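Take a look at the structure set out below.
The values are calculated or read from the model by the stated rules, or taken from the named source; none is laboratory data. Quantities reported herein were computed from a predicted structural model and do not represent experimental measurements. Positions of Cβ are backbone-derived with ideal geometry, glycine not excepted, and every protein chain shown enters the neighbour counts. For the accessible areas, the whole protein counts, side chains as well, though only heavy atoms, and no ligand, DNA or RNA atoms are used. Shrake-Rupley method; radii C 1.70, N 1.55, O 1.52, S 1.80 Å.
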Amino acid sequence: MVSQAPKLNRFEKYKAEKDGLEVKHQLDHFAQIGWEGIDADDRNRLKWLGIFFRPVTPGKFMLRLRLPNGTMNADQMRSLAEMVQRYGEDGSADITTRQNLQLRGVRIEDIPSIFKRLEELGMTSMQSGMDNVRNLTGSPVAGIDADELFDTRELNQQVQDMITNSGQGNKDFTNLPRKFNIAIEGGRDNSIHAEINDIAFVPAFKDGTFGFNVVVGGFFSATRCEAAIPLNAWVTPDNAVVDLCRVVLEVFRDNGSRKVRQKSRLMWLIDDWGIEKFRASLEEKLGHPLQTAAEKDEMDWDKRTHIGLHKQKQAGLNYAGVVVPAGRFQADDMFELARLAEVYGDGDIRLTVEQNAIIANIPDSRLEAFQQESLLKKFPLLATPLVGSVVSCTGAQFCKFAIVETKQRAIQVAQEVEAEMDIPQPVRMHWTGCPNSCGQPQVADIGFMGTKARKNGKSVEAVNIFMGGRVGKDAHLGEQVMKAVPCEDLKPVLRQLLVEQFNAKLKEGVVIDDGPSETEEAAAGEMVKVSFSQTVQADSSKSLLEIAEESGVAIESSCKSGSCGTCKHKLAKGEVTYDGDPDALSEEEKKEGYVLTCIAYPKGEVALEL
């Protein structure tokens, strides 16, 4: 009997049809025909080159760069400023939580010339999206920190070169089951957030020799978040790091699940095999045993922000960390940052996972003049308790997955609450627009995840609130403590959390009357019958996706807001109503009976084809 080939999801189908790197040779053609003439699958494949079509801003692409260890120079920053400046108000750049930059407003017609300029600058965007290894992170003060144990910049570059064929593209690693994150820490304060990476190298001494303990499997997703676990391995800070990254990727590529994308990250493979089998498979690939882990690692400091002026290990030199609110640059900001880095330093610029920037190598003699520069009014050297610690994903302004706007709201809420309260300590607030958790609310003191709530009979933007995330030594993930708080009612809730958990108090003379909250409790609906691979009795106030999840039926979903289309399935029987517009469905799909399960509510008896 001939066994049937496994059913492929839509992502695996177009990956199987054509490698994402193939569109690299079509860029000149795409530039000539314009974005509307590009085949829809090829538009998706552009992500393999770091070029992202944004349905929210059609025709205005996002370009995601690779900046291993978050390092760049003034000439590179100035050139990137020139790229986004040409697009006027549409052009901007965001620092990401993986220490890289995303350029916005880019037109496909300009991509060939932009790629040529990036190559001249020694930069690349290759393999920075979709099922590839994302930007490699490391300490933002590598090479200048007086207390560092190892400068990770060269190692991160070597790993990137292995993965991307030195920026030219490497088909060995363009078809992973899912995205993949790697980080290498050379300091004591866990600047990389090791616990949320698929592979993280953590400093550790073994028998007096410096190297790295290795943890694996950390990730965030819409349906599951897990901290990385020990591999029980120690490697020396050389090619052993590169080799281990290579074999982990090969094992993941060849054995990771490709059936359901929400269950395709590395940790799912480790769950299936067990850590011992996974470790043994790496040893087999390497051709030699792995050394066991050192007894303890060296990440024993609290997390540093790097904001302000700090002495470097080089005598007479300093680095300056500036707050970039929510990580957003305009072109003029980038020009000025490049100028300051050249005038006062040697052009060395660093980006942090907290979405801030560092100018390195400022001599003592230039510090006084540096502090008078006008850019430091917008990007200050002093971090206020809330604004100085805000981290945010892109949000609904540019991302179709986002359920709420994040960046501007995050800054506005933080500024308004700071104006009302005395807050005696920094409070790290992370915002993410959807359950994909790009803004990492689980590592925050207070995290906000976009969702919807009902108020006055209408669906409104809201957030789920997380608390208890810890970074640095003894890092761990926070937990959700509140659900569906309307964004317009968030300030009094935040003030209360700051008072109860962070010893904040109202400033003298401030009187606040928030009035009663009118958020409605979700009312129970009628009993309905829903059939998937099984038939269940359910509450009509819950979406088909919620009913499926509660019944143990796996339906893939990313946005949970009706914007991405990942959760669509054909309705075999019955009717549904929608909370919001099913924008992700084409008119043809609607006629064929497809529904978006994340915002579709059953009426009577319904059945889905899965």
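May I ask for the distance between the Cα centers of segment 455-485 and segment 64-141, given as a whole number of Å? About 31 Å separates the Cα centre of segment 455-485 from the one of segment 64-141.
Computed across segment 33-121, the Kirkwood radius stands at 13.5 Å (inverse of mean 1/r, all Cα pairs).
What per residue convex hull volume, in Å³, comes out for segment 258-348 when only alpha-carbon positions are used?
Numbers: hull volume 24.3 nm³, N = 91.
In segment 258-348, the Cα hull volume divided by residue count equals 267 Å³.
Calculation over all alpha carbon pairs of segment 31-187 in 10 angstrom steps from 0 returns a P(r) of 11, 39, 35, 13, 2, 0 percent.
Would you compute, from DSSP H runs of 4+ residues alone, the mean residue ellipticity of the chain at 222 nm, taking -39500 (n - 2.57) per run and dividing by the full residue count, rounded to the nearest 500?
Details: 16 runs with 153 residues, N = 610.
Rounded to the nearest 500, it is -7000 deg cm²/dmol.
Summed over the residues of the chain and divided among them, the accessible surface reaches 42 Å² per residue at a probe radius of 1.4 Å. Ignoring lysines fewer than eight residues from Lys311 along the same chain, the ones with Cα atoms less than 20 angstrom from its Cα are Lys303.
Quick check: from the Cα gyration tensor, does the chain come out rounded (a/c under 1.5), prolate or oblate? Before the final figure, lay out the partial values.
Values: a/c = 1.44, a/b = 1.19, b/c = 1.20.
Note, shape of the chain comes out rounded.
Subtracting the Cα-Cα distance of Arg10 and Ser257 from their residue separation scaled by 0.36 nm leaves 87.5 nm. In segment 381-521, the inverse of the mean reciprocal separation of distinct Cα atoms equals 15.3 Å; this is its Kirkwood hydrodynamic radius.
If you average 1/r over every pair of different alpha-carbon atoms in segment 325-401 and take one over that average, what Kirkwood value in Å do you get?
13.8 Å
Work out, in µm²/s and without decimals, the Stokes-Einstein translational diffusion coefficient of segment 317-364 at 4 °C, 1.567 mPa s, Rh from Kirkwood over C-alpha pairs. D, rounded to a whole number, is 120 µm²/s. For the chain, build the charge dipole from Cβ charges (+1 Lys, Arg; -1 Asp, Glu) around the Cα centre, then report which of Asn181, Gly327, Ser139 sits farthest towards its positive end. Of the options given, the answer is Asn181. The GluC sites (Glu not before Pro) of segment 224-321 that DSSP puts in a loop, and whose beta carbon has at most 11 other beta carbons within 10 Å, are Glu295. Just the number, please: carbon plus sulfur as a percent of the accessible area of the chain, 1.4 Å probe, no ligands or DNA/RNA counted. After summing per-atom areas, the C and S share lands at 46 percent. The residue list Met429, Pro55, Ser191 was ranked by how far each Cα lies along the charge dipole of the chain toward its positive end, using unit charges on Cβ atoms, and Pro55 comes out on top. In whole angstrom, segment 156-315 maps to an equivalent ellipsoid with semi-axes of 26, 19, 17, each derived as √(5λ) from the alpha carbon gyration tensor and ordered largest first.
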